[in-house]
Amino acid sequence: MFKVENLKFRYPKNKEDTINGINFDIAKGEIFGFLGPSGAGKSTTQMIMIKILENFEGSIYYNDKDITKFSDEFYEDIGVSFEMPIHFTKMTAMENIDFFLKLYKNKGDVESLMKRVNLWEDRDKMVGEYSKGMKIRLNIVRALLNNPNMLFLDEPTNGLDPMNAMILKDMIREFRDNGGTVFITSHIMSDIDQLCDRVAFIVEGRIIEMDSPRNLKIKYGKRSMTLEYKENGETTKVEFPLDSIGKNKEFLNLLQTKEIETLHSGETTLEDIFIKVTGVQLKDEE
Amino acid sequence: MKSRLWILVKGELQRLNKYNMTFISILVAFLWGVMLFFVNAEILGTLLPLVILLDATMMSLMYVGSVMYFEKSEATISTMLVTPVSNAELLLSKLLANTLHNMGASALLIAVFVIIKDVQVEYLFIIIGIIIATASHTLLGIVMAYFSKDFTGVLMTVMVFSLTMMTPLILLMLNIIEGEVWEVVLLINPIQAAKEVISAGFTGYVFTYKYYLSLGYLLFGSLALYKFYALPRFQDYAIKNSGV
């Protein structure tokens, strides 16, 4: 659906490229994540893909057509949610939504969207009176109100409480399950891990690694099994190699004879993999 | 494009109202009205065109500057950039809505004085004068907003511009600067040109080449400013102030 080839971009006042020749593609119906610290080039890449930033090098194709050849009608097909909640604060939520809705040919079901993000009851409140979480949820409604085929989400759950973050993630999955394609930029590991079919690690404008979270965990994970058991009132921890674990007599013996407290495979988290692959901490950037 | 432009214009007018600009505009017109109500007919004949001029020029710069400041502070322009709306539609809608809005106060003032003080106006020429003066200064205000970083910046730019441009006009009115050469040279000043086209709307104005020169200057100058500067620079302005 999207194909990015050797993309390079430099801001006019910068001496160095912010994006350094990246390549990736996004398949239809895929949730593709861009993971990296602040300043890595995530949002810049998104701004180029949604045709806000121009004068880039390389090629970007949307449905096999060069995006520079699209007119403003391109925006009939996509939905964008920026990281910062952006609304007219002295207007009500519905006044905001109604105004934007009129600009599109394709109009979504606003009532069900607003109900889904628990904003229907507060639809006639001034957006200036909304909490940050409510404004972020309204951002999502705004992004979905034209029934887009492609959704761009910049740090979608940043600032949301766990309950609303879960609702939002469910909505993103449903959007994908109904045939939609999603591009997410985030530095929040759990979002990427839970949502994305594939993820690219981006640091200093370069893609360092790209694969599904599962494959990355297999590739970089520690192939081991850690078992904790209780003996004489004390907890003992033992680690076994995962290969041929079913034939490991010591492991099987412990399972049969001891009071097992925990049993974990040595699966590495995406965060550990990110640090291992890029040498960059994500959380420092939050 | 036509219907979408109208949606954008209506949206701009709605926001002007929500952000209290309509109230302020009517309040200013009311204060001018009260002041003019108590002056005698002779002074009214001089002051009313001047008040209309101030409203169409300085106040237009101020209103559009304020509106664009609000837009900057809320970074709403970024959301507009990802809709199927073109930059030309966005810019034109601002120009049309602010021109319509600012013309309202002038129209109100004139209507009141026509009714209660029997002021004589040439309707066609006063309408042309107010439209062209307001639209050209609204466009100037939009361009000034490109360079203003904050609200103080907006105020400073408008004040410096107005002071610089009003001074020769006042000097000319007080006959401190005299002569036809100056009268023509100073038409390069958009406020002076606006004064000429607005004055044509009041009975007693004598039409000379200066009227057509002023009208052409404001009209073609604005078209050139729109086509060669305001529109090409709009995307840069929008990205800088999009907050993303």
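The values are calculated or read from the model by the stated rules, or taken from the named source; none is laboratory data. Since the structure is predicted, the reported quantities are computational estimates derived from the model, not experimental observations. Every residue, glycine among them, receives a Cβ derived from its backbone with ideal geometry; neighbour counts consider all protein chains shown.
Per-structure values
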read-out: Scan of region A:159-183 for residues that are under 27 Å from A:PHE74 (Cα atoms) and either of a type in the set (D, E, K, R) or under 11 Å from the mean Cα position of the chain (by Cα) (or both), ordered by number; value: A:LYS169, A:ASP170, A:ILE172, A:ARG173, A:GLU174, A:ARG176, A:ASP177, A:VAL182, A:PHE183
read-out: Spans of strands (runs of 3 or more DSSP E) in region A:191-276 with at least 1 residues closer than 26 Å to A:LEU168 by Cα and within 34 Å of the chain's Cα centre (by Cα); value: A:198-203, A:206-211
read-out: Those helices (runs of 4 or more DSSP H) lying entirely in region B:1-81 with at least 1 residues of a type in the set (A, V, I, L, M, F, W, C) and in contact with a His (Cβ under 6 Å, 6 or more places away or on another chain); value: B:2-18, B:58-74
read-out: Strands (runs of 3 or more DSSP E) enclosed by region A:4-83 - at least 3 residues per element that are more than 17 Å from the chain's Cα centre (by Cα); value: A:19-26, A:57-62
read-out: Hey, A:ALA93 in contact (Cβ under 8 Å) with a residue 60 or more places away in the chain and among the hydrophobic types (A, V, I, L, M, F, W, C) or not; value: no
read-out: Any hit, region B:94-109, residues being surrounded by fewer than 20 Cβ atoms within 10 Å (Cβ to Cβ) and at positive phi; value: no
read-out: Pairs with Cβ under 7 Å, 6+ apart, first in region A:65-82 and more than 8 Å from chain B (Cβ to nearest Cβ), second acidic (Asp, Glu); value: A:SER81/A:ASP154
read-out: Qualifying residues in region A:213-224 (those that are surrounded by 15 or more Cβ atoms within 10 Å (Cβ to Cβ) and modelled with pLDDT of 90 or more) - the one farthest from A:PHE2 (Cα to Cα); value: A:LEU216
read-out: Some residue of region B:128-135 being crowded, with 20+ Cβ neighbours inside 10 Å and of a type in the set (Ser, Thr, Tyr); value: yes
read-out: Within region A:233-286, tally of residues that are at pLDDT 85 or above and of a type in the set (S, T, N, Q); value: 8
read-out: Where A:ILE31 falls short, out of the listed (1) at pLDDT 95 or above; (2) β-branched (Val, Ile, Thr); (3) surrounded by fewer than 17 Cβ atoms within 10 Å (Cβ to Cβ); value: (3)
read-out: Helices (runs of 4 or more DSSP H) fully within region B:133-244 counting 2 or more residues that are of a type in the set (A, V, I, L, M, F, W, C) and more than 15 Å from the chain's Cα centre (by Cα); value: B:151-173, B:180-185, B:209-225, B:231-240
read-out: Per-region count, region A:53-81, residues surrounded by fewer than 19 Cβ atoms within 10 Å (Cβ to Cβ), under 24 Å from A:PHE100 (Cα atoms) and among the aromatic types (Phe, Trp, Tyr); value: 2
read-out: Per-region count, region B:1-45, residues more than 14 Å from chain A (Cβ to nearest Cβ), farther than 19 Å from A:LYS90 by Cβ and crowded, with 16+ Cβ neighbours inside 10 Å; value: 7
read-out: Criterion: touching a strand residue (DSSP E or B) at 6+ places or on another chain (Cβ under 7 Å), surrounded by fewer than 22 Cβ atoms within 10 Å (Cβ to Cβ) and away from every other protein chain (no Cβ under 14 Å) - qualifying residue of B:VAL119, B:VAL114; value: B:VAL114
